[in-house]
Amino acid sequence: MRSFAVLSSNCAGRQGLLAENGLSLYIRFDDTDIIFDTGAGSLFSDNAEFMNLPLHKAELAVISHAHPDHCGGIPVLSGIFSMVSMCCKVYHPEGIELAGLPALRSIPVMKETEISNNIRLILTSSETETGPLQELSLIAGNTLFTGCGHAGLMKIVKTAKEYSMIDTIAGGFHNFNMSVNEMKQNAQAAVEAGIKRMVLLHCSSMRSVRYFEDEGIDVRIGLVGNSFDI
């Protein structure tokens, strides 16, 4: 099976589920289950329980970057694996501290890293208001998963294309402050890079949807509770 479910994002799509300013996904890629980000707190776990998704069966977790709306649930993740006396491998950029969480095995990532066949991590850097930021994105087959995309969507895509023929992007695009012209240019660049499908999550501007669609890209809005094939 190759699919992912939205555990945490800005809007909920099903009754009984809650939303927050954060991101968390549960990815199933062949025989590997991955938790991508943990949202701002315990909500990703509560929603997963409602959706009957067994987080404790995930082979690994990936934390995209150190902002609290993506890594705030790390202590909850530790509790989930402590309850079943297991340990979860957590891949993350430098700067995220996992000390004191014995159910988690910290794996800092400082360069592009292959996790298994057709699954790899890429690292990008950007300057933010609070200083330099390292961010991990995940490639699973032909799908690129982004956290916030602080480095810029097309910079991340260009880096990803060095390792995989990606045609789908799912995640945050961090494009709220883009002008109309910038959004149009971004959409054109995405098509030129071979992107055919997008799932917008968390920190993505809904204004940008029309420009991606104008270029022929299939755009979906990812709501908490939604599942998508990849």
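Which members of region 70-89 meet the condition of being touching a helix residue (DSSP H, G or I) at 6+ places or on another chain (Cβ under 9 Å) and either outside any loop (DSSP other than H, G, I, E, B) or more than 11 Å from SER42 (Cα to Cα) (or both)? Of everything in region 70-89, those that are touching a helix residue (DSSP H, G or I) at 6+ places or on another chain (Cβ under 9 Å) and either outside any loop (DSSP other than H, G, I, E, B) or more than 11 Å from SER42 (Cα to Cα) (or both) turn out to be VAL76, LEU77, GLY79, ILE80, PHE81, MET83, VAL84, MET86, CYS87, CYS88. Within region 179-188, the set of residues being under 26 Å from ILE230 (Cβ atoms) and crowded, with 16+ Cβ neighbours inside 10 Å comprises MET183, ASN186, ALA187. Among residues of region 69-90 that are on the phi < 0 side of the Ramachandran plot and small (Gly, Ala, Ser), those with a beta-carbon under 8 Å from a residue that is crowded, with 21+ Cβ neighbours inside 10 Å and in a helix (DSSP H, G or I) at least six positions away or on a different chain give the pairs GLY73/LEU43; GLY73/PHE44; GLY73/SER45. ALA12 meets all of the listed conditions (1) loosely packed, with under 14 Cβ neighbours inside 10 Å; (2) small (Gly, Ala, Ser); (3) touching a residue at least 40 places away in the same chain (Cβ under 8 Å) but one, namely (1). Exactly one residue among LEU17, LEU25, LEU53 is surrounded by 24 or more Cβ atoms within 10 Å (Cβ to Cβ) and either farther than 16 Å from LEU104 by Cβ or of a type in the set (D, E, K, R) (or both), and that residue is LEU25.
Could you name every one of the strands (runs of 3 or more DSSP E) located completely within region 120-205 that has at least 1 residues being in contact (Cβ under 8 Å) with a residue 60 or more places away in the chain?
Details: elements: 131-140, 143-146, 168-171, 197-200.
Output list reads 131-140, 143-146, 168-171.
Might you let me know whether region 90-97 holds any residue that is farther than 16 Å from GLU59 by Cβ, outside any strand (DSSP E or B) and either at pLDDT 95 or above or in contact with a Leu (Cβ under 6 Å, 6 or more places away or on another chain) (or both)? Taking every residue of region 90-97 in turn, none turns out to be farther than 16 Å from GLU59 by Cβ, outside any strand (DSSP E or B) and either at pLDDT 95 or above or in contact with a Leu (Cβ under 6 Å, 6 or more places away or on another chain) (or both).
The values are calculated or read from the model by the stated rules, or taken from the named source; none is laboratory data. This one's a predicted model, so the numbers in the text were calculated from it and none came from an experiment. Here the Cβ is made from the backbone with ideal geometry for all residues, glycine too, and neighbour counts use every protein chain on show.
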